[in-house]
Structure formats: C-alpha cells, structure tokens
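The values are calculated or read from the model by the stated rules, or taken from the named source; none is laboratory data. Bear in mind that the values here come from a model prediction, so they are computed numbers and not experimental data. Here the Cβ positions follow ideal geometry from the backbone for every residue, glycine too, while neighbour counts run over all protein chains shown. Surface areas here come from the heavy atoms of the whole protein model, side chains and all, with no ligands, DNA or RNA. Shrake-Rupley method; radii C 1.70, N 1.55, O 1.52, S 1.80 Å.
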Amino acid sequence: MATAPLSLKELSKKEILFAPGHRMCAGCGAPVIVKMVLLATDYQIVAGNATGCLEVSSCISDFTSWKIPWIHNAFENAAATVSGVEAMYRSLKKQGKIDKEIKFIAFGGDGGTYDIGFQSLSGAMERGHDMLYVCYDNGAYMNTGIQRSSATPVGADTTTCPAGDVVQGKPQQRKDVTKIMAAHGIPYVAQASPSHWQDLVKKVRKALDIKGPKFMNIIAGCNRGWRSQTNDAITLSRLAVETCYWPLFEIENGITRITVKPKEKRPLTDFLKPQGRFKHLFAPQNEQLLKSAQEQVDRYWERLLKEEACFAPASESEDTKE
Amino acid sequence: MGKVVAVTGNEAVAEALRQVNPDVCAAYPITPQTDMMQRFASFASNGKVKTEVILVESEHSSMSACVGASAAGGRVITATSSQGLLLMLEIVFIASGLRLPIVMPVVNRAVSAPINIHGDHSDAMAARDAGWIQLWSENAQEAYDNAIQAFRIAEHMDIRLPAMVCLDGFIISHSIERLEYLDDKTVSDFVGEFKAVNPLLDVEHPVSYGPLILTDYYMEYRKAHDDVMSRVSKVVLDVAADFKKISGREYGLFETYRLDDAEIGIVVLNSAAGTSKDVIDDFRNKGIKAGLLKPRLMRPFPYNEVGEALKHLKALCVLDRADAFGASLGPLCSDIMSALYQYKDKPIIVNKIYGLGGRDFMPSQAEYALNDLVSILNTGKIKTLKEYIGVRE
C-alpha cells in the first residue's frame, strides 16, 4: 500500500489515532509505541487489546482513546479474539458483504503475551490469521504492581522476586518469545524499540503488507517498574539496543536480518545502572551475577550475528549500519 | 410437514446449524460434542455452508474467537461439553456482558474429577448464572427445534444475548431417533438475515468494546443485564408461536404433562422426562393423579409461570441430574422452591439426585420418586428432603 514517506514531517501531518487524555503513567513507553504503530500505516485498522496497563488506562467508560474500532476481551486471549474478528472479516468479504481492506492488530503486554496469553497467541499464529500481534514488553506485570513475568530479565528486582538476603532478584533468564514465534514458521517476526522509530515504523509497514500472521516484540520502558526517571523511557530503550540487550532484528520467511547494528556495543551495565530494579546487582558480592548477565547478552548477540551470516546476501545492505 | 429422518441428536443439531448457515464457527473437540462439530466442519469442507470455521487450540480460545467474531458483526456459533464449558467459562461471562448473540449447543456431560465422559447436567448448571439464555431439550427433535429458535431469541433486538442449547450427552447426542427436519429455505427464512449492532468492522464508525467500568457505573450495567433477562420469556414465547407456524410443533417456557389435575408431580430436565412420562401414565392407570413439568427455558428461569403451574400440587419431587455441593439442594430444586415460596398454600417438595456421570435413569427410579410422594400424602411426613437415587450404598 502507498504510504507517506518515512519522515517525521510527513508523519506529523497524520491524525493520531490514539488520543491523548488516557491515563497511562507519565513517561510510560506503551502509548508511544501504540501511536507509532498506528502512525506507521494508512490501512484501516481494527485493534484488540489484552487486559493490562494499556487496556485499563485507554478505555474507561464512557471515554476511549481509540479512534479506531477496538476490542478488549480478557487478559489471555487478545490473539484468539482478534483471530475471531479477522475470521468474520474473511467470511463477510467472501460473501460480498464488506469490500474494504482492513488490517488487524492485537496489542498485549509481556504478561498477556509470554505467560497467560501464550497458548492463545501460539494458536492464532499457527492457524495463519492475517493479523499482527504487537507485544509491548516492559518486563513484568506492571499493571498489578510489578510482579515477575517470564519476560523479566535475570536479576531484576520485582515484587514477587524481590532482591533479598538470599535471593538476588529473578533467578531465571527471560523467555525468548520472539524466537519462539519465529519457530512457528510465520512469515514475519521482528523486535523493535521506540528509540529507533524509523526502524519500528518500517517494520510495522512491512508486517502489515505481508499476508498471514506476524509478531512484533517492542521494548517498552516503565519507570514505575524499572525504578527509573519519568523522562527516560526512550533513553533506556536506546541503551537496551546499544548494549545488545534488545537487538533490533527481523526474521522474514525464516531469514534473520539484524536491522540496527550499534556502532559500538556498550557494556550491559550502561542499561542496568540507571534502573533501580538492578541496583542490588552492583553490590560487590554480586559481581559474578553481572558478569553472567553480560555473558548471556554476548552469547545471544553472537548467535544472532551467526544466524544473519547464514543467510547474508553478497553485499550487506546500507540500512543495517546505524 | 418436513422430511422425516432417523438421526442422532448431534446430527440433528449439526443439520440445524447447517441450515442456519452462520458466518463464523469456532470449535474445539470434546466428547460428546465432537461429532457435532466434525459434521459441521465437513459441511464447510464441502461448501455446504458459507461459514469460516476456526479450529482453535482450546475452548477458552473458541469462546474468545466467538466474542471477537460476534463483535465484528455476524452470526457466530460454537459448541462444547463439560470441561470445555468450564475452561471457557471466564469468556462465557464476557460474551453475555458484551451482549453478543452467540449460539452454543452444550452437549451435557459430567465434570471431573473423577473424569467421566457421560451425560449429566453439571456442566450447564455451572454456567447457569453467566447471563446466557439456556434452552433445554428432551430429545433430538427438541434439540433441533431449540437450536433454530435460539438464533431468533438471542438476536432479537430487545435481547441481544448469547444462548445455550442443552441436550444430554450420549443419551441424546449419540442415540438415533425419528424426527422431522424443516427444509432449508423455511429455516433460513425463519432465522432471517443477521442484523449487526455496533460492528467492529464498521471502520467508519469506530466503537470500543470491553471498557473498564468501576464503582461509578458497573452496577448500572449489571442491572441493565438483569432487565434484559426479564424480557426474554416473552420473546421465547413469540418465537415459539412463529415456530409453530412453520413446524406445527408447540413450545413454551416449559412443558407440562398431565399436570392440570395432578396431585403429585415430577419436575425434571431433558431426556429423563421421557421415561418419567411413561411412568406417570402407569400411575394414572392405577388411579394416582400424577403429572410432570419439564423446564425448557432454564435461564432466565420463569419463576412466576412455573410457580403458577405447580402451586396446586400437594407434593412434588424435583429430579436433579447435578448437585450443588454444600447448598443442600440440587440446582433445579432450588429454583423450583424459589418459584413456589411466594404461595401460602404450596406443595411439599423433595429433591432426588439421579443419573450422575451417565448412570441410567430407569423407570424404577421415577416409580420410586412417585411412590415417595404418595407416601408423603398418606403420612404427611417427609422421609428425606434430598437423597441420591440409583446409587450404591
């Protein structure tokens, strides 16, 4: 579909389809992501939303921030719900009762995606619905008060894996849901960050032009849960990318491509240090935990580079260099 | 008169669903419903329906997809049993709260533990207060007829609520009976075109479904739901009157059998009513004035009408094919007692739990129940308010 050139000037002319006045916390990354996703496209969108921060804050009767058709069903079923909407669209289109071109997006947080909504998501992706699932990943159940999820990074202090005398935050690694979605063999999977808006917008555009199930995982800063400042959601997202904690890549028809390669890979501590949830890791006795976290990031990044190299075309395309 | 066939209950309901030809069906297999949805999927595979069939990965997702599809703006079905109904129960409440007229046959089956695949009413009774309409069916003909009428009731502009059509697992779902099918055009004209209300797919008029409503207005929404429930009985009767015109078959809020001049009576749901009616005939032949009431509209329960129909009895036995553990009485008995509480002169009521996990309901059990009522009339004494019958001691 013809879309406006990718410039802030052009995007700023578009109507914001996620209206202000919602009750997300000051400095939350999620509404920024929703705005970017909806600005990215000229398609008419119907959206679904899992229960969570975004949902409870964006549609409180009789007000809604959604200027597009929107449905919230429950916590664990945004993917199944949107798969139903999409199936009805196909049915009515086949019967000639609707002729518009409409695209479908489901939004869920990491709890609603990695954990309780995982089966629903897996089922919808496997069935091949023409829909994009967008996970805004802030790394914990922030809506209920910062409880650990399977997206919570190792070592993070949450209210259910608090850093204490014997436990140093979350003992387990994050679940790699992006790769798990790729393992479904769906046509498009990507990771994005609102700090790299061009990359994010390009990925949304590409995803919506591909027929079939698509998944995007987008890092979303949460100053309440990350114990950081209200003005640093974008800065921290950028640090997540520059430390390779949150690599920006896409897997299109099984082919991995890293879309943004940091000029210089920064140490993981640059991302961890400004966040209160990792404060305890900087105590002298936890040096080993920090080292191990860095090693995990390194291993993941090296593996990603190798995956990309497996499929690399003869010459590397220009846009992979930041 | 329609075509006379010999088919199972599942086959009959699948045929009704084919004739209604919904826009979307989301289905997940569970015994004893499986065979109904297999048949429907085969209609879709062979181009006999226009339906998009979504073969989901769980019942939770089948009801979730139904909610999405119905809100999108079309006619939607699913079907389930037992654990499937329990798994989707969270979303069953949401479907009615969002006022989405989904139609769902429930092939009644026992619930775990212990796991048991056979027929009883524990599943639908667990969902009875979820804000859905429930129509119960004695046999395959009633299941077929109820399935067709359910669409008209659920989609009525005064109602817009989801509806379950209950039929007994295996006893009805898998037994072959004689019944009459209506022809396709008659069914299709009867249910009519689906009228969408605030569809998501109307992108020119965006709506938000599923808002957060806290202490300020939640209660008003729930009251509105209750108000809608109070309008269902009338619509059920209006639709039944129209259905009689095309089928010759008569339906009400409940069925009565030899009840008008009866002194003692049985109240029972679904297939056991057939056996009970035979036994009532035997008692009548012996000069004992026995009768029966079989609820059809279980939710919303027509308390006033049921009360009026039963108040003249001297004693009655409510047969429950489910228990409500810890509530002292079975779920149907609680409703019948509530219906009769308003009358100064009312029958003595006893409750018997029968047929759990598919245990056969034998004529001897109906005889036992009626003999108990005769003894109550003779002695004026109740031996046991509630007891399990047909059970090893």
request  = Please verify whether region B:180-193 includes one or more residues that are touching a Pro at 6+ places or on another chain (Cβ under 9 Å) and more than 8 Å from chain A (Cβ to nearest Cβ).
outcome  = no
Of the residues in region B:125-143, those that are surrounded by 24 or more Cβ atoms within 10 Å (Cβ to Cβ) and more than 12 Å from the chain's Cα centre (by Cα) come to B:ALA140
Quick check: is even one residue across region B:299-321 open to solvent by 10 Å² or more (accessible area, probe 1.4 Å), touching an Asp or Glu at 6+ places or on another chain (Cβ under 9 Å), closer than 27 Å to B:HIS118 by Cβ and of a type outside the set (Asp, Glu)? yes
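Has region B:30-49 got any residue that is under 30 Å from B:SER208 (Cβ atoms), within 14 Å of chain A (Cβ to nearest Cβ) and touching a residue at least 24 places away in the same chain (Cβ under 8 Å)? Let's see the steps before the verdict.
Within region B:30-49, the subset under 30 Å from B:SER208 (Cβ atoms) is none.
Checking region B:30-49: not a single residue is under 30 Å from B:SER208 (Cβ atoms), within 14 Å of chain A (Cβ to nearest Cβ) and touching a residue at least 24 places away in the same chain (Cβ under 8 Å).
Can you confirm whether region A:260-275 contains a residue that is of a type in the set (Ser, Thr, Tyr), open to solvent by 20 Å² or more (accessible area, probe 1.4 Å) and either free of Cβ contacts under 8 Å to residues at least 24 places away in the same chain or outside any helix (DSSP H, G or I) (or both)?
no
Condition check ((1) in contact with a strand residue (DSSP E or B) (Cβ under 7 Å, 6 or more places away or on another chain); (2) of a type in the set (Ser, Thr, Tyr); (3) open to solvent by 50 Å² or more (accessible area, probe 1.4 Å); (4) over 27 Å from A:PRO262 (Cβ atoms)) across all residues:
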position: A:ASN138; (1), (2), (3), (4): yes, no, no, no
position: A:GLN147; (1), (2), (3), (4): yes, no, no, yes
position: A:SER150; (1), (2), (3), (4): no, yes, no, no
position: A:PRO153; (1), (2), (3), (4): no, no, no, no
position: A:PRO162; (1), (2), (3), (4): no, no, yes, yes
position: A:VAL166; (1), (2), (3), (4): no, no, yes, yes
position: A:LYS175; (1), (2), (3), (4): no, no, yes, no
position: A:ALA183; (1), (2), (3), (4): no, no, yes, no
position: A:LYS203; (1), (2), (3), (4): yes, no, no, no
When every residue in region B:57-69 that is under 27 Å from B:GLY357 (Cβ atoms) and facing chain A (nearest Cβ under 9 Å) is compared, the one most open to solvent (accessible area, probe 1.4 Å) is B:HIS60
Restricting region B:199-229 to residues that are more than 9 Å from chain A (Cβ to nearest Cβ) and closer than 26 Å to B:PHE151 by Cα, the one most open to solvent (accessible area, probe 1.4 Å) turns out to be B:LYS223
Taking region B:346-363 and keeping only residues that are touching a Gly at 6+ places or on another chain (Cβ under 8 Å) and either among the hydrophobic types (A, V, I, L, M, F, W, C) or part of a helix (DSSP H, G or I) (or both), one is left with B:ILE353, B:GLY358, B:PHE361, B:MET362
Among A:LYS100, A:LYS13, A:LYS9, the single one that is modelled with pLDDT of 95 or more and basic (Lys, Arg) is A:LYS100
Counting only residues that are exposed (fewer than 13 other Cβ atoms within 10 Å of the Cβ), outside any helix (DSSP H, G or I) and β-branched (Val, Ile, Thr), region B:378-393 contains a total of 2
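Would you kindly identify the helices (runs of 4 or more DSSP H) lying entirely within region A:16-134 that contain at least 3 residues that are within 12 Å of chain B (Cβ to nearest Cβ) and either among the β-branched types (Val, Ile, Thr) or crowded, with 24+ Cβ neighbours inside 10 Å (or both)?
Numbers: elements: A:30-40, A:53-58, A:78-94, A:118-127.
Output list reads A:53-58, A:78-94, A:118-127.
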Apart from one, (1) outside any helix (DSSP H, G or I); (2) in contact with a Leu (Cβ under 8 Å, 6 or more places away or on another chain); (3) open to solvent by 20 Å² or more (accessible area, probe 1.4 Å) all hold for A:THR230; the odd one out is (2)
The residue from B:VAL92, B:VAL107 that alone is part of a strand (DSSP E or B) and crowded, with 20+ Cβ neighbours inside 10 Å is B:VAL107
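Kindly indicate which of A:TYR245, A:TYR300 is in contact (Cβ under 8 Å) with a residue 40 or more places away in the chain, within 21 Å of the chain's Cα centre (by Cα), closer than 19 Å to A:ASP199 by Cβ and surrounded by fewer than 18 Cβ atoms within 10 Å (Cβ to Cβ). Please lay out each step first, then the result.
Working: A:TYR245 fails: surrounded by fewer than 18 Cβ atoms within 10 Å (Cβ to Cβ).
Within the list A:TYR245, A:TYR300, the selection yields A:TYR300.
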The condition of being open to solvent by less than 50 Å² (accessible area, probe 1.4 Å) and without any contact (Cβ under 8 Å) to a residue 60 or more places away in the chain holds, among B:VAL350, B:VAL374, only for B:VAL350
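Tell me, please, whether a residue that is touching a residue at least 40 places away in the same chain (Cβ under 8 Å), more than 21 Å from B:ASP226 (Cα to Cα) and among the small types (Gly, Ala, Ser) can be found in region B:92-110. Full working, then the answer.
To start, the set of residues in region B:92-110 that are touching a residue at least 40 places away in the same chain (Cβ under 8 Å) comprises B:92, B:94-110.
Going one step further and asking which of them are more than 21 Å from B:ASP226 (Cα to Cα), we end up with B:105-110.
Restricting the remaining residues to those that are among the small types (Gly, Ala, Ser) gives B:110.
Looking through region B:92-110, at least one residue is touching a residue at least 40 places away in the same chain (Cβ under 8 Å), more than 21 Å from B:ASP226 (Cα to Cα) and among the small types (Gly, Ala, Ser).
When only residues in region A:190-201 that are under 11 Å from the mean Cα position of the chain (by Cα) and among the hydrophobic types (A, V, I, L, M, F, W, C) count, which is surrounded by the fewest Cβ atoms within 10 Å (Cβ to Cβ)?
Here is the first cut: in region A:190-201, the ones under 11 Å from the mean Cα position of the chain (by Cα) are A:190-194, A:200.
Now restrict to residues that are among the hydrophobic types (A, V, I, L, M, F, W, C): A:190, A:192, A:200.
Details: A:ALA190: 28, A:ALA192: 30, A:LEU200: 26.
Among residues in region A:190-201 that are under 11 Å from the mean Cα position of the chain (by Cα) and among the hydrophobic types (A, V, I, L, M, F, W, C), the one surrounded by the fewest Cβ atoms within 10 Å (Cβ to Cβ) is A:LEU200.
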Restricting attention to region B:330-347, the residues that are farther than 21 Å from B:GLU367 by Cα and buried (at least 16 other Cβ atoms within 10 Å of the Cβ) number exactly 6
